[in-house]
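The values are calculated or read from the model by the stated rules, or taken from the named source; none is laboratory data. Please read these numbers as outputs of a predicted model, since none were measured by experiment. So basically every Cβ, Gly included, is an ideal-geometry build from the backbone, and we count neighbours across all protein chains shown. Please note that ligands, DNA and RNA were not included when accessible areas were found on the heavy atoms of the full protein model with its side chains. Shrake-Rupley method; radii C 1.70, N 1.55, O 1.52, S 1.80 Å.
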Amino acid sequence: MDPKQLLFYAAGPALGAVLGGVTVALGWLRPRAGVAAAVVGALAWWVGGLGTAAALLLFVALGSLAVRGNPRSRDRGGRGPLQVLANGLPAGLGGVLLGPVFFYGAMAAALADTLASELGGRAPWAWRPGRGRVPSGTNAAVSLPGTMALVLGAALVALPFGGEHRAAVFAAGVFGAVLDTLTGPLEERLGRWTNDVNNAVATAAAGLLAWALT
């Protein structure tokens, strides 16, 4: 391995450590989640260098600000390690194996879902199939502000980072976030199907779709 390659791979853990430390210091993550963020940050760098690392930073920053702006959010005390891994590990591992398009598709879905949940959670009410009108923030419910935020989240990753594949990344982001909503009721029916499992499945599916479309 030549020195440039060695430096590139060494920069991954260094970036991850900085990401983990800063996000914990800002209160965006709980202390133990900083280690998970460091792992995801390293993988993001190894996938595509500055581009994929910047996409991860965008997700972390915008997602955390959306949480802070939602007084009803369950994550105002900071996200835990499983939440970090659910949103970032499928993107990182899939990106290392299949390339940056997978990573961007998964990140588009993660940001779309996060913005839909946090901004939609501030709506006066939401709608859930089979139940009709429900309080905003109800699991698997949708609202107009949340739907608009979902589309915005996918676009915020696809447009600056998708390059010639921006349409595939955008479609994957929307698909993943919608899938997350559709499979949300499984959390109430299957004991081991937690919100973290739901997020991991949705982001992985989004990454695979983006990769398959290119």
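Remarks
- None of G105, G80 is touching a helix residue (DSSP H, G or I) at 6+ places or on another chain (Cβ under 6 Å) and farther than 18 Å from L156 by Cβ except G80.
- Total residues in the stretch 68-89, condition farther than 24 Å from A42 by Cα and in a helix (DSSP H, G or I): 1
- Of the helices (runs of 4 or more DSSP H) lying entirely inside the stretch 119-210, the ones with 2 or more residues being closer than 30 Å to G51 by Cβ and under 19 Å from the mean Cα position of the chain (by Cα) are found at 144-161, 166-182.
- Scan of the stretch 148-160 for residues that are open to solvent by 70 Å² or more (accessible area, probe 1.4 Å) and either at pLDDT below 95 or touching a Leu at 6+ places or on another chain (Cβ under 7 Å) (or both), ordered by number: M148, L152
- Only one entry of A36, A54 meets the criterion of being at pLDDT 95 or above, surrounded by fewer than 22 Cβ atoms within 10 Å (Cβ to Cβ) and either part of a helix (DSSP H, G or I) or not acidic (D, E) (or both), and that entry is A54.
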